[in-house]
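A short write-up of the structure that comes next.
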Amino acid sequence: MNENRVVALRQEGEIDDPLTEILRAGAKRLIAQAVEAEFEAFLDAHADLALPDGRRRVVRHGREPARMIQTGIGPVEVEKPKARDRGAPNAETRIRYASSILPQWARRTKSLDALLPALYLAGVSTGDFQDVLTALLGKDAPNLSPAVISRLKGEWEEDYSRWQTRDLATRRYVYLWADGVYLQARMEPQAECMLVLIGATPEGKKELVGFQTGMRESAQNWKELLVDLKNRGLVVAPEIAIGDGALGFWKALDEAFPKTRHQRCWVHKTLNILDKLPKSVQPNAHRDLREIWQAPSRAAAEAAMTTFAEKYAPKYQKAVDCLLKDRDTLLTFFDFPAEHFVHLRTSNPIESVFSTVRHRTVRVKGALSQDTARLMVFKLVMAASKNWRRLKGQNQLPKLIQGVTFRDGIEIACEAKTAA
């Protein structure tokens, strides 16, 4: 009579979900298979190494103790095989197995690490994390206790400090987008301005270049950010910088990188012009402005700009003045490859990144504090940067570095060959 007749009762707050249990079991098997395949590839890569007696030098040596990895479907138990180097003369030359699937000290998946700063930015306190994640990850989700969250915040602060002091001597950015983002913290009397710089590398990849907080978009704050970048090795000037009409940035840019050309953001400029027109006129004016920046050539854009001025100047001179005062810097993009027009006409690479951040802070009436907002926004942007799309026409970027000239988006050298 050894049959167990004890029936486990469901505890209060416990969720009975057979589908999730099946997924966890399947995930455990898949992880085990993937790690085993990776380990076999490691052994095969060192199969030619042998001891003096002919035996293999690197062999299997049992398994590490089982540990729990917190995933999006709850905790999953994993095990990792161990390798033994039987011929290493000392610990420094010993061949070790390091799994890229299961890092040595990993306790959470990277998707959860990206989720935590998002929750914190949304105003969830460290003491409430357990309650928020229980429904998703299961009761008493391991490795996500308040103490762990507080420790993670300290690690994020260290990551931010290291990133702010990284060496930029080997970096170069062909394009540079600049903008100031304001986020209101619940515990602070006024919004803090976050100065953001995103650059495009010669390979067409977008990266977060600079990130600094200040009280406003002043020339001094922008200058401090740009000078700091130069002091850390960013000495090659970008070909063009894109931003709105904030005078502080452009003044600081001329001092730090005088050779960098200016391109005003058409999205900001359009909104500023429409703000000086009655609502009944705005739809038609918006279409007329779109014809300017979508023109096939600089000459066509200038003609459309002149038409706009003649059409609206009699009644709405302020709107026309707002357009014409930046006439040249609004059309700088025509001197660059046509494939890049969509990237150069606007500072949307920054706006799109911070749109979700603004949405979160608005929904919860701001982050807890300015320090929290700064740290969590940094972590969110760094997580999002892994999925940023590369620029179109990547093959054109090396030509710009080499000094090739473009007119109306077309390479002049190619134009000359065609004429010949």
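Find the helices (runs of 4 or more DSSP H) located wholly in the range 282-348 whose residues include 2 or more that are exposed (fewer than 15 other Cβ atoms within 10 Å of the Cβ) and small (Gly, Ala, Ser), and list them. Reasoning before the result, please.
Details: elements: 282-293, 298-312, 317-324, 327-330, 341-344.
Answer list for the range 282-348: 298-312.
Would you be able to say whether some residue in the range 263-276 is assigned to a loop (DSSP other than H, G, I, E, B) and within 29 Å of PRO337 (Cα to Cα)? Don't jump to the end; show me each part of the working.
Pass one, the range 263-276, residues assigned to a loop (DSSP other than H, G, I, E, B): 265, 275-276.
Okay, now just the ones that are also within 29 Å of PRO337 (Cα to Cα), so 265.
Yes, the range 263-276 has at least one match.
Would you mind finding the one in GLN212, GLN294, GLN263, GLN282 that is farther than 18 Å from GLN164 by Cα and touching a strand residue (DSSP E or B) at 6+ places or on another chain (Cβ under 6 Å)?
Working: GLN212 fails: farther than 18 Å from GLN164 by Cα; GLN294 fails: touching a strand residue (DSSP E or B) at 6+ places or on another chain (Cβ under 6 Å); GLN282 fails: touching a strand residue (DSSP E or B) at 6+ places or on another chain (Cβ under 6 Å).
GLN263 is the lone residue from the list that is farther than 18 Å from GLN164 by Cα and touching a strand residue (DSSP E or B) at 6+ places or on another chain (Cβ under 6 Å).
All but one of (1) farther than 30 Å from LEU400 by Cα; (2) free of Cβ contacts under 8 Å to residues at least 12 places away in the same chain; (3) under 31 Å from the mean Cα position of the chain (by Cα) hold for ASP254, so report the exception by its number.
(1)
Would you check if there is a residue in the range 32-40 being out of contact with any Asp or Glu (no Cβ under 8 Å at 6 or more places or on another chain), modelled with pLDDT under 65 and not small (Gly, Ala, Ser)?
Within the range 32-40 (the criterion being out of contact with any Asp or Glu (no Cβ under 8 Å at 6 or more places or on another chain), modelled with pLDDT under 65 and not small (Gly, Ala, Ser)), the answer is no, since none of the residues qualifies.
Can you find a residue that is in the same structural domain as PRO296 (by TED's automatic domain parsing), at pLDDT below 90 and either in contact with a Ser or Thr (Cβ under 7 Å, 6 or more places away or on another chain) or closer than 25 Å to ASP408 by Cβ (or both) anywhere in the range 349-369? Break it down into steps so the answer makes sense when it comes.
So in the range 349-369, the residues in the same structural domain as PRO296 (by TED's automatic domain parsing) come out as 349-369.
Pick out the ones that are also at pLDDT below 90 and you get 349-369.
Narrowing the set further to residues that are either in contact with a Ser or Thr (Cβ under 7 Å, 6 or more places away or on another chain) or closer than 25 Å to ASP408 by Cβ (or both) leaves 349, 367.
The answer is yes; a qualifying residue exists.
Answer yes or no as to whether LEU225 is in contact (Cβ under 8 Å) with a residue 60 or more places away in the chain, farther than 28 Å from ASP321 by Cα and either under 23 Å from the mean Cα position of the chain (by Cα) or part of a helix (DSSP H, G or I) (or both).
Values: in contact (Cβ under 8 Å) with a residue 60 or more places away in the chain: no; farther than 28 Å from ASP321 by Cα: yes; either under 23 Å from the mean Cα position of the chain (by Cα) or part of a helix (DSSP H, G or I) (or both): yes.
When the stated conditions are applied, LEU225 does not pass them.
The values are calculated or read from the model by the stated rules, or taken from the named source; none is laboratory data. Source: prediction; values computed, not measured. Here Cβ is always computed from backbone atoms with ideal geometry, including for glycine, and neighbour counts include all displayed protein chains.
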